[in-house]
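Take a look at the structure set out below.
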Amino acid sequence: MRLCGRLGSGPSVCGHLTRHLVLEIEMQGTDVTPARIDPPAQPLRLIQLLRTVVRNPLESWPSAVYQEHLHRSRVLGRDAIFVMHPALIRQVLVDEADSFDKGEMARRALEPALGDAILTSDGARWRWQRRAAAPIFRQEHLRGFLPSMIAAAERTRDRWLSLPAGVEIDVAREMMQTTFDIVLETMLSGRSNIDTAAMERAIADYLESTSWMMVLAMIGAPRWVPYPGIGKARRGREHLKQLVDGLIADVQHRPAARNDLLSLLIETTDPETGRSMSDMDIRGNILTFIMAGHETTALALTWTFYLLSLHSDVEERVKSEIASVTAGSSLQLEHIDSLQYTKQVTQEAMRLYPPAPLIAREARRDVRIGTEAVRPGTVVYVPVYAVHRHAELWDRPDVFDPTRFEPDAVKARDRYAYLPFGAGLRVCIGMSFAQMETTAVLAVLLESLRLRLRPGYVPEPKLRVTLRPAGGMPMRLVRPATGAAVRTVG
Ligand code: HEM
């Protein structure tokens, strides 16, 4: 494992930081280099490469992806191209988007659970589903979701405040629970009879096996080839499907439609053809929203808390911005736009730890990317994690610095250097939803609590479709000083 957490100005400290160093970091609160994956020192041989991909695909990416514009690789006769230069990324995701589809790797990893839904489909099937679902994510609906987001964050805050002082929690699990709570409220009007722990386990079991599916796709093995954990993945997938089928049946039999995502999806029609979604389409898309929506947002929040714990000066600034923008009132949609610095912090957290660290496509026909000829069947990767740390695109790329997202700095930068939500027609449909959610949860929790990383702990960013901290994110809760009031936001 090549994992490193360093003091920016001091010596490199790989593996575990000592308690002394962490305390020093807490006191300094500045110029700390957060955990990162270093590329392999030598090119990996085939078996080593496949083993590394199964363990953590990020560890298999060569140093070229952090330094060069484009990098070609060939595994067992199959071509793959990593594209890092913003102009070339634009070609893949925008200008030449029609020459690519999602590809076998993404389909193999996600289709068994999600079916042929918005995230996994291509061509006409994708186009009509995207057209039908787009209105659901417009501002007028999002506004209605904000109270549910605030209420879920408040339930987490109250649960934390009821714990003994100084207790350690796994923030990764806690954020999964919070964003899952939000999913249930906003997508399904809060189905209290759902066993959320079982559902989360089913998702984790399924995602855990995806790296095997990716390796098998990489070497061109047929889909029936078994792999370790296949039984667990299958059970997880079936559990998710049964659960969502039950929810759809419940909604179809209830008298009045509610303003939740599931009801909106059942009612929505393609504005061009008037076509509505079948039960299979609805199931696939609700599962997609659950998987694509709750996990990614939870990770954005988890990594943000981690970074704030290393940078108490930034944390202070966020806390005071929240206090001055809300000025004692409940959090409103308008506030979200005014929380500029808070937004910059989450943007910078998603630069260092993009919740979706890899975008993959497969060429459908002969096409050129820059001067490179790309043949049909070639896999093209946009390695978002590496683009966000690319030596040519970012000054001191491994350093956490939210000023990179000040409006003028953003304007001066190429749009395709920063892609946490992707780009082009397939840009994340839930982007505004997620941005509102992360800000709302941070605003509620940071107002009354702080989180401090377990001394000596260095989280390992691990790619499992999403970017999870392997081993979780153990953090200590620091409650408000005695006598300080906990104000309810919302
Ligand atoms: C911080 C949170 C999130 C991140 C970082 C994120 C990231 C992404 C990225 C990178 C893509 C593009 C994938 C590609 O081009 O291959 C994507 C697509 C998608 N996301 Fe998100 N997402 C987030 C939250 C959400 C939420 C909250 C929802 C729904 C409630 C959602 C639903 C989707 C769907 C349906 C797609 C497929 C869009 C299409 O192909 O047309 N995402 N997301």
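Where does the charge balance sit around K462 when Lys and Arg score +1, Asp and Glu -1, over other residues with C-beta under 12 Å from its C-beta?
Result for the local shell: 0.
What is the stretch 413-463 by shape, rounded, prolate or oblate, if you read a ≥ b ≥ c off the alpha carbon gyration tensor as root eigenvalues and call it rounded for a/c under 1.5, prolate for a/b larger than b/c, and oblate otherwise?
oblate
Give or take rounding to whole Å, what are the principal axis extents of the alpha carbon atoms in the stretch 302-355, in descending order?
Taking the Cα atoms of the stretch 302-355, the three principal extents are 31, 21, 15 Å.
Which value at 222 nm does the chain reach when only helices count, each DSSP H run of 4 or more adding -39,500 (n - 2.57), with the total divided by all residues and rounded to the nearest 500 deg cm²/dmol?
Taking each H run of at least 4 residues, the total per residue is -15500 deg cm²/dmol.
So which of K343/K411; K319/K462; K102/K241 end up more than 25 Å apart, counting from Cα to Cα?
Table pairs above 25 Å Cα-Cα are K319/K462.
Hey, what D do you get for the chain in µm²/s if you plug the Kirkwood alpha-carbon radius into Stokes-Einstein at 4 °C and 1.567 mPa s?
It diffuses with D of about 55 µm²/s by this estimate.
So which aspartates and glutamates pass the test for K232, namely a Cα distance under 12 Å, with those fewer than 8 places away in the same chain ruled out?
Partners within reach: D205, E208.
Output ³J(HN,Hα) for the stretch 79-94: one whole-Hz value per residue in order, computed from phi by the Karplus curve 6.51 cos²θ - 1.76 cosθ + 1.60 with θ = phi - 60°, and x for Gly and Pro.
Each residue of the stretch 79-94 in turn: 7, 9, 10, 9, 10, 10, 6, x, 5, 6, 4, 4, 4, 5, 8, 10 Hz.
Hey, for a label at R55 modelled as a point 7 Å past Cα toward Cβ, could you say which residues of the stretch 178-222 have their backbone N under 19 Å away?
208-216
Hey, what did the stretch 368-490 get for relative contact order, percent, Cα under 8 Å, at least 6 apart?
Computed value for the stretch 368-490: 16 percent relative contact order.
Using a probe radius of 1.4 Å on heavy atoms only, what accessible surface per residue do you get for the chain? Whole Å² is fine.
Heavy-atom accessible area per residue stands at 41 Å².
Pop out the carbon and sulfur fraction of the accessible area of the stretch 339-490 as a percent, whole number, probe 1.4 Å.
The value for the stretch 339-490 is 51 percent carbon and sulfur by accessible area.
On alpha carbon coordinates alone, what is the Rg over Rh value for the stretch 252-408, Rh being the Kirkwood radius?
Ratio of gyration radius to Kirkwood radius for the stretch 252-408: 1.07.
The values are calculated or read from the model by the stated rules, or taken from the named source; none is laboratory data. On a predicted model such as this, the values are computed, not experimentally measured, just so you know. Ideal geometry is used to build each Cβ from the backbone, glycine not excepted, and the neighbour counts take in all protein chains shown. Keep in mind that these areas ignore ligands, DNA and RNA; they rest on the heavy atoms of the full protein, side chains included. Shrake-Rupley method; radii C 1.70, N 1.55, O 1.52, S 1.80 Å.
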